[in-house]
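I have a structure I would like to understand better, so I am pasting it below and will then ask my questions one at a time.
The values are calculated or read from the model by the stated rules, or taken from the named source; none is laboratory data. Worth saying up front: this structure is predicted, and the values here are computed from it rather than measured. Don't worry about glycine lacking a Cβ; one is built from the backbone with ideal geometry, like all the others, and counts go over all protein chains shown. These area figures cover heavy atoms from the full protein model, side chains too; ligands, DNA and RNA do not enter into them. Shrake-Rupley method; radii C 1.70, N 1.55, O 1.52, S 1.80 Å.
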Amino acid sequence: MDRTPAIAPDSPQTGSRSPMPLHGHPLQFHDIQAILPHRYPCLLVDRVLPAGTCIAEGRLSAIKNITANEPTFWSGHARFAGFPGVLLVEALAQRTGLLAHYYLGALNEGEHYYFASIQRARFYRAARPGDQVLMEVAFVRRRGAIARFTGRASIDGRRICTADFMCARK
C-alpha cells in the first residue's frame, strides 16, 4: 500500500508538500477544467476550497452551487424541485477524480483515472435551488492501480449524501 502523496505540479520542490494545489489558493473553474474531461452541463464542481483541503493528508473540499436554471430541474414546480441524487453522487465522484489527480500522482501519457465503483450510497435529504453544497472526499487506501475514497455532501452542516468510491488508474 503506497500512501505517498504527490506534490502539486506547481508547488516548489523544497521537501515540504503543499497542503493545497496552487500555493493555498482555491482551484477555480478553469483549473478544474484543465484536470477533468467534463464540460457544462456535466461538470459539477464549482470551486475547490482551501479550507478543509489538504492534499498531503488525502482530503479535498469543494462546493457546488445549486441554481434553479440547472438543466436537471424538470418539474416546473419550485417547491418540488430537487437536485437529483444520482448527480450528487456524480459530483462527489468528480471531486474524487480531482483528489486522485493530486494525491496519487501525475499520470503518464495516455493514462487516465477511471471511475470503477460506487458503494454504500445513502441519501438523506434533497438539495434545492439556492443551496450551496459542500462536498468533501478523502482517500481511504490504495492497492495497485485501484484506490478507494469516501465522500460526503452537506448543506449548512447537515449531510445530504454519503458514498464510497473506487477509481482505477489505467
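Give the residues of the stretch 7-45 that are at pLDDT 70 or above, open to solvent by 40 Å² or more (accessible area, probe 1.4 Å) and in a loop (DSSP other than H, G, I, E, B), sorted by residue number.
42
Follow-up question, since we're still on this one. Of all residues in the stretch 128-154, how many are within 19 Å of residue 59 (Cβ to Cβ) and either small (Gly, Ala, Ser) or open to solvent by less than 70 Å² (accessible area, probe 1.4 Å) (or both)?
So the count comes out to 16.
A further question on this structure: Just checking, does the stretch 116-127 include any residue being open to solvent by less than 30 Å² (accessible area, probe 1.4 Å) and closer than 24 Å to residue 30 by Cβ?
For the stretch 116-127, residues open to solvent by less than 30 Å² (accessible area, probe 1.4 Å) and closer than 24 Å to residue 30 by Cβ: absent.
Quick one: which of 102, 114 is over 14 Å from residue 62 (Cβ atoms) and either in contact (Cβ under 8 Å) with a residue 40 or more places away in the chain or touching a strand residue (DSSP E or B) at 6+ places or on another chain (Cβ under 8 Å) (or both)?
None of the others qualify; the one that does is 114.
Determine, yes or no, whether residue 95 is open to solvent by 60 Å² or more (accessible area, probe 1.4 Å), touching a strand residue (DSSP E or B) at 6+ places or on another chain (Cβ under 9 Å), modelled with pLDDT of 85 or more and under 23 Å from residue 33 (Cα atoms).
No: the conditions fail for residue 95.
Does residue 95 satisfy the criteria of being charged (D, E, K, R) and touching a Cys at 6+ places or on another chain (Cβ under 9 Å)? Spell out the reasoning first.
Details: charged (D, E, K, R): yes; touching a Cys at 6+ places or on another chain (Cβ under 9 Å): no.
So residue 95 fails the test.
Additional query: Are any residues in the stretch 155-168 over 16 Å from residue 87 (Cα atoms) and either open to solvent by less than 70 Å² (accessible area, probe 1.4 Å) or in a strand (DSSP E or B) (or both), and if so, which ones?
Answer for the stretch 155-168, where residues must be over 16 Å from residue 87 (Cα atoms) and either open to solvent by less than 70 Å² (accessible area, probe 1.4 Å) or in a strand (DSSP E or B) (or both): 157, 158, 166, 167, 168.
Out of everything in the stretch 104-150 that is outside any strand (DSSP E or B) and of a type in the set (D, E, K, R), what residue ends up being nearest to residue 70 (Cα to Cα)?
Residue satisfying both the conditions and the ranking: 128.
Still on this structure: Please determine, by comparing only the residues of the stretch 48-90 that are among the aromatic types (Phe, Trp, Tyr) and buried (at least 17 other Cβ atoms within 10 Å of the Cβ), which one is modelled with the highest pLDDT.
To start, the set of residues in the stretch 48-90 that are among the aromatic types (Phe, Trp, Tyr) comprises 73-74, 80, 83.
Still in the list and also buried (at least 17 other Cβ atoms within 10 Å of the Cβ): 73, 83.
Working: 73: 58, 83: 83.
Filtering the stretch 48-90 for residues that are among the aromatic types (Phe, Trp, Tyr) and buried (at least 17 other Cβ atoms within 10 Å of the Cβ), the one modelled with the highest pLDDT comes out as 83.
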